[in-house]
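Heads up: the structure comes next, in structure tokens.
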Amino acid sequence: MQPSRPRHHKLAMLALLSTLATMILATAYSLVTVNAKYAKYSAPGMHTEVWQSYQLHSETRRLSDTANRVLAGEATAPELIQRLGVAKSQLAPLQHTRVFDYLPEAHAELPETLEHLDSLLQAWSSRLSWQDTSQAIQVADEMADQLPTMLGPTHDIIVSANIAVASRLDAERHDLKRTFQRLVWVLLLLGTGSLLLAAKLFRDYRHTLHLTRELGTLNQSLEERVAERTRRLEERKALLGIILDSSPSDVALLGANDQHAYYISDTLRQRASTNDSGFLESLFVDSHQYTLFMQRLATSQAFDNWEARLDPRSPYWALLSVRHLEIDSHRAWLIWSLDISERKRMEHELKQLATTDSLTGLANRRTFLRQAIKQLRRSLREANPCSVLVIDIDNFKRINDQHGHQVGDTVLQAVARRLDKHLHPRGPLGRLGGEEFAALVKDADGRAAWEIAEALRDDVECLTLQGEDGRAIPVTISIGIATHSGQDTSPQHLLVEADKALYLAKSRGRNRCETLDQSSPGPSC
Amino acid sequence: MHRVITSLLLTGLILAFGAQAAPPRDMPILTIHPGAGGTPHVLSVADLEAYPRRSVTGLIPDVGDHEAEWTGVSLASLLQGLGEPWPARITASAMDSYRETIPGSDLEHYDPIIAYQRNGEYLSISQRGPLVIMYPYGEHPELLTRVFFSRTVWQLDELRLE
């Protein structure tokens, strides 16, 4: 069925076109016909042959009468010439008219009569002159003789002319009738064609109307669907907005090529100094960190847990996660930033707690040992000397007992401050426990270590601390020194050596430095 | 044969005596009857030629005549010249007893002439002369109707004024 429809349409179109062509041809034919008739009937009709015939007949009689009057001496040559002229003028049109062709049967005697009369009139007129009366009488005599015989034939001309004119009029009527008949057919054809065209127009109009309605319905449903879809998208967008806004993470969606900002969450927006292509750079505190981040962006499709310090105005630690996306066929970066300042702070705090002695603020035993091992290895590697000091507050138990733990703690803190002041820049320092401290002094051989220890001991001895009762509390320390001198050794070993030296110092009266190393300077305190 | 010789002879005679020629120009040929007991005016072609000439383009209808320049005297100015009052109508008669009435208004609207020359030639009676009432058909194509054809009186010999 499908292919027959176009063919059907084609045929209908062909029929329509041929109808139109026929209508145009018929109209053209009608125009030509009507125009011809118009031209014909523009000039007044010339059916005067009956009158002319009657006039010829009358003139023949009048000429005959005038001839008789000339013969009777009642008329003159000019009168005869005048009548003859009139008669000749009556004859001429009848000789040239084609009206007698319309006679149903040819009247053979007609042309003969006309010719005969013409020859008579010619002959007579040639013989007459305006002044010659005698010649006029002669001619008049002939006229009086001949003309009466012409009255019968000229009467016949009237009869023939009458029939001929009637026939001609009828022929013309017939012709006109045929023309009108043809015009009627043409008009019928035009009317039918117009009806067909009108029907076609009406059908097309209804079809168009139908199509328009359908199109309208389709359009409306499409619009509704689009509106519904838009609404859903809006809802989704709003939902996404809510999710993003309520997320603890900040989000930025940036074009990969030009860092065009598709989306930047509010907090992040406030933190950056600019929101155009320099957004990301302005966000980083450290430009080196930014460079590293950009390198990572260029090489990885996705990465998480990148720690960075953001917001140069009030820096904080952020954990960055990145995903590569494609938006409208452009590459883009989705960057999540989680504020981990609090975590960092807590981490730092925990680290502090884990590595530091809370009372003195010095490293605890474990941390000290770790740092000491590290430093010792370094010194070994670099073949530098280094010494370990083990420091113990003399008679601390007695201070505690006499003044209470509170004062004991104060003493510990005061001593720790002195230790820190003397030893901190020189290497790891820590509280081993109780009133015992230890330090590793890098780049210090036995002599140097001894001098440092002595200075320290001296400084502590000069401390003036007061108990709650206002009495001065004398504080002294004993120091055991062990120096690493190139042999393979361990911190523990050095500590044990230093501990032994400390024990020696205690046993030799306290407030003094001791070393087991014989090459070191002797006791001086 | 006899007829041919006769015609040839006749043609020769026509040329010799001019019998076919127009009537003598001084021959009285037109009678104008004023209304109600006035004295008739009898005029020759020469009398008419004494008046100012007027030319119109026209033709004698129904006889196969073609358009030509007709010269004569304006009917209106002729009557004025003769001292006749403006007529309500004029009855024009011809030598062949034809007659037709011309309304006085025609004189005003179309100023027809009494023509004595066609294309500069005087006319014989057999050529429907010597005088013809001619309307200016060339100037006024609307005159090409039977009404004015009837008023185009040829072989004019009498005018009656009313």
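The values are calculated or read from the model by the stated rules, or taken from the named source; none is laboratory data. This is a predicted model, so every value here is computed, not measured. Heads up, the Cβs are rebuilt from the backbone with ideal geometry, glycines too, and the neighbour counts pull from every protein chain shown.
Look at (1) assigned to a strand (DSSP E or B); (2) in contact with a Lys or Arg (Cβ under 9 Å, 6 or more places away or on another chain) and you find that residue B:114 fails only one, number (2).
Taken over segment B:89-122, the criterion of being under 20 Å from residue A:51 (Cβ atoms), in contact (Cβ under 8 Å) with a residue 60 or more places away in the chain and of a type outside the set (Ser, Thr, Tyr) is satisfied by B:92, B:94, B:95. The residues in segment A:205-253 that are within 30 Å of residue A:323 (Cβ to Cβ) and either touching a Leu at 6+ places or on another chain (Cβ under 7 Å) or in a helix (DSSP H, G or I) (or both) can be counted, and the count is 24. Filtering segment A:315-328 for residues that are surrounded by fewer than 18 Cβ atoms within 10 Å (Cβ to Cβ), at pLDDT below 85, small (Gly, Ala, Ser) and over 30 Å from residue A:418 (Cβ atoms) leaves an empty set.
Could you look through segment B:18-41, keep only residues that are more than 14 Å from chain A (Cβ to nearest Cβ) and part of a strand (DSSP E or B), and pick out the one that is nearest to the chain's Cα centre (by Cα)? Filtering first and then ranking leaves B:32.
Among residues of segment A:238-264 that are acidic (Asp, Glu), those with a Cβ under 6 angstrom from a residue that is surrounded by 11 or more Cβ atoms within 10 Å (Cβ to Cβ), sequence gap 6+ or separate chain, pair up as A:250/A:265; A:250/A:267; A:250/A:268; A:250/A:337; A:258/A:277. Against the conditions (1) modelled with pLDDT under 90; (2) crowded, with 20+ Cβ neighbours inside 10 Å, residue B:92 satisfies every one except (1). Of the residues A:38, A:54, the single one that is loosely packed, with under 15 Cβ neighbours inside 10 Å, among the hydroxyl-bearing types (Ser, Thr, Tyr), more than 8 Å from chain B (Cβ to nearest Cβ) and part of a helix (DSSP H, G or I) is A:38. When A:190, A:169, A:197 are checked against the criterion of being assigned to a helix (DSSP H, G or I), within 22 Å of residue A:49 (Cβ to Cβ) and touching a residue at least 12 places away in the same chain (Cβ under 8 Å), A:169 stands alone in meeting it. Within segment A:403-456, if we keep just the residues that are out of contact with any helix residue (DSSP H, G or I) (no Cβ under 6 Å at 6 or more places or on another chain), part of a helix (DSSP H, G or I) and of a type in the set (Gly, Ala, Ser), the residue that is nearest to residue A:470 (Cα to Cα) turns out to be A:404. The set of residues in segment B:59-71 that are on the phi < 0 side of the Ramachandran plot and within 14 Å of another protein chain (Cβ to nearest Cβ) comprises B:59, B:60, B:61, B:63, B:65, B:66, B:67. The listed residues are A:138, A:131, A:82, and the only one of them that is within 11 Å of another protein chain (Cβ to nearest Cβ) and modelled with pLDDT of 85 or more turns out to be A:82. Can you tell me which residue within segment B:43-57, out of those that are among the small types (Gly, Ala, Ser) and away from chain A (no Cβ under 14 Å), is nearest to residue B:30 (Cα to Cα)? By that ranking, first place goes to B:46. Would you confirm, using the coordinates I've provided, whether residue A:356 is in contact with a Ser or Thr (Cβ under 8 Å, 6 or more places away or on another chain), of a type outside the set (Gly, Ala, Ser) and at pLDDT below 85? Considered against the rule, which asks whether it is in contact with a Ser or Thr (Cβ under 8 Å, 6 or more places away or on another chain), of a type outside the set (Gly, Ala, Ser) and at pLDDT below 85, residue A:356 comes out as no.
Pull up segment A:92-114, narrow it to residues that are assigned to a helix (DSSP H, G or I) and within 9 Å of chain B (Cβ to nearest Cβ), then point me to the one that is surrounded by the most Cβ atoms within 10 Å (Cβ to Cβ). The extreme case among them is A:93. Selection of segment B:123-150 for residues being within 13 Å of chain A (Cβ to nearest Cβ), touching a residue at least 40 places away in the same chain (Cβ under 8 Å) and not in a loop (DSSP other than H, G, I, E, B) yields B:132, B:149, B:150.
Only one entry in A:21, A:67, A:28, A:75 is more than 13 Å from chain B (Cβ to nearest Cβ), part of a helix (DSSP H, G or I) and under 30 Å from residue A:132 (Cβ atoms), namely A:67. All of (1) out of contact with any helix residue (DSSP H, G or I) (no Cβ under 6 Å at 6 or more places or on another chain); (2) surrounded by 15 or more Cβ atoms within 10 Å (Cβ to Cβ); (3) outside any helix (DSSP H, G or I) hold for residue A:268 with one exception: (3). Remark: residue B:107 matches the filter, which requires a residue to be in contact with a helix residue (DSSP H, G or I) (Cβ under 9 Å, 6 or more places away or on another chain) and aliphatic (A, V, I, L, M). Summed over segment A:481-492, residues that are more than 15 Å from residue A:374 (Cα to Cα) and either at pLDDT 75 or above or not assigned by TED's automatic domain parsing to the domain that holds residue A:370 (or both) total 3. Would you mind stating whether residue A:313 is part of a strand (DSSP E or B) and of a type in the set (Lys, Arg)? Criteria not met by residue A:313.
A single entry from A:358, A:379, A:387, A:314 fulfils the requirement of being farther than 24 Å from residue A:428 by Cα and among the small types (Gly, Ala, Ser): A:314. Residue A:286 fulfils the conditions (1) free of Cβ contacts under 8 Å to residues at least 12 places away in the same chain; (2) of a type outside the set (A, V, I, L, M, F, W, C); (3) touching a Lys or Arg at 6+ places or on another chain (Cβ under 7 Å) except for a single criterion, (1). Residues A:353, A:362, A:412, A:432: which one is over 60 Å from the mean Cα position of the chain (by Cα) and within 22 Å of residue A:515 (Cα to Cα)? Just one listed residue meets the conditions, A:432.
Of all residues in segment A:42-61, none satisfies being free of Cβ contacts under 8 Å to residues at least 24 places away in the same chain and charged (D, E, K, R).
Annotation note: of A:280, A:292, A:320, the sole residue that is touching a residue at least 12 places away in the same chain (Cβ under 8 Å), of a type outside the set (Val, Ile, Thr) and part of a helix (DSSP H, G or I) is A:280.
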